[in-house]
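What follows is one structure encoded as structure tokens, with my remarks underneath.
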Amino acid sequence: MFEFTLTVHSWLRWATVIAAVMATAAAFGIRRDGRGRDQAERWGLLFVIAMDLQLVLGFLLYFALSPTTAAIFDDFSAAMRDPAARFWAIEHVSLMTLAVAAVHVGRVLARKARTPSSTRMRLLIGFGLATIAMLAAIPWPGMPAGRPLFRF
């Protein structure tokens, strides 16, 4: 179960990154007259869905399935001294949860906006923050906690 969930979580990352970039670009494309809002809404919805799926899978791994986090929780103070363990224990889960919150808040605030330009700004801030946090929290190869780009 662990390997399957981890593989799905790893592959879904790419759909999430694509959705993040496309949602941010679509938000940037909203014009003053409101054109482009529908496309931004569609990409934003895909971004939210992908982030929510990632969150569910990530929390399942973090709290139930991962032997890495189980070992971290066994000796949390020692894990804080190890950069790779600290990444998984604190940095990854915190930044990804922040990214999910930013996507949701950005979409809700954009729906309540009164003008297309304020919709655009709210989506850009929410999606932009989420994308930056997400890219910072991905375990890129070469990092102390790095993982392969594609898991098989």
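Within region 51-63, can you find the residues that are touching a helix residue (DSSP H, G or I) at 6+ places or on another chain (Cβ under 9 Å) and either closer than 15 Å to THR7 by Cα or among the acidic types (Asp, Glu) (or both)? If the condition is that a residue be touching a helix residue (DSSP H, G or I) at 6+ places or on another chain (Cβ under 9 Å) and either closer than 15 Å to THR7 by Cα or among the acidic types (Asp, Glu) (or both), then ASP52, LEU53, GLN54, LEU55, LEU57, GLY58, PHE59, LEU60, LEU61, TYR62 are the ones that fit. Which pairs turn up if I take residues in region 18-29 that are under 10 Å from GLY44 (Cβ atoms) and look for partners that are outside any helix (DSSP H, G or I) and of a type outside the set (D, E, K, R) with beta carbon separation below 8 Å, at least 6 apart in sequence or on another chain? Matching pairs, first to second residue: ALA26/GLY36.
Tell me whether region 94-110 contains one or more residues that are touching a Ser or Thr at 6+ places or on another chain (Cβ under 7 Å), in a helix (DSSP H, G or I), on the phi < 0 side of the Ramachandran plot and of a type in the set (A, V, I, L, M, F, W, C). Looking through region 94-110, at least one residue is touching a Ser or Thr at 6+ places or on another chain (Cβ under 7 Å), in a helix (DSSP H, G or I), on the phi < 0 side of the Ramachandran plot and of a type in the set (A, V, I, L, M, F, W, C). Only one of the numbered conditions (1) at pLDDT 95 or above; (2) aliphatic (A, V, I, L, M); (3) closer than 15 Å to GLY106 by Cβ; (4) in contact with a Ser or Thr (Cβ under 9 Å, 6 or more places away or on another chain) is violated by LEU55, and that is (3).
Scanning region 36-56 for residues that are under 13 Å from the mean Cα position of the chain (by Cα) and over 14 Å from ALA130 (Cβ atoms) gives LEU53, VAL56.
Scanning region 26-43 for residues that are part of a helix (DSSP H, G or I) and either modelled with pLDDT under 95 or surrounded by 14 or more Cβ atoms within 10 Å (Cβ to Cβ) (or both) yields a total of 9. None of MET134, MET121, MET96 is free of Cβ contacts under 8 Å to residues at least 12 places away in the same chain, surrounded by 14 or more Cβ atoms within 10 Å (Cβ to Cβ) and closer than 20 Å to VAL21 by Cβ except MET121. The number of residues in region 64-93 being more than 17 Å from GLU3 (Cβ to Cβ), free of Cβ contacts under 8 Å to residues at least 40 places away in the same chain, of a type outside the set (A, V, I, L, M) and assigned to a helix (DSSP H, G or I) comes to 6. Tell me, yes or no, whether region 86-102 has at least one residue that is polar (S, T, N, Q) and farther than 16 Å from HIS9 by Cα. For region 86-102, residues polar (S, T, N, Q) and farther than 16 Å from HIS9 by Cα: present.
The values are calculated or read from the model by the stated rules, or taken from the named source; none is laboratory data. None of these values were measured; they are calculated from a predicted model. As a convention, Cβ positions derive from the backbone with ideal geometry for all residues, glycine included, and neighbour counts pool all protein chains shown.
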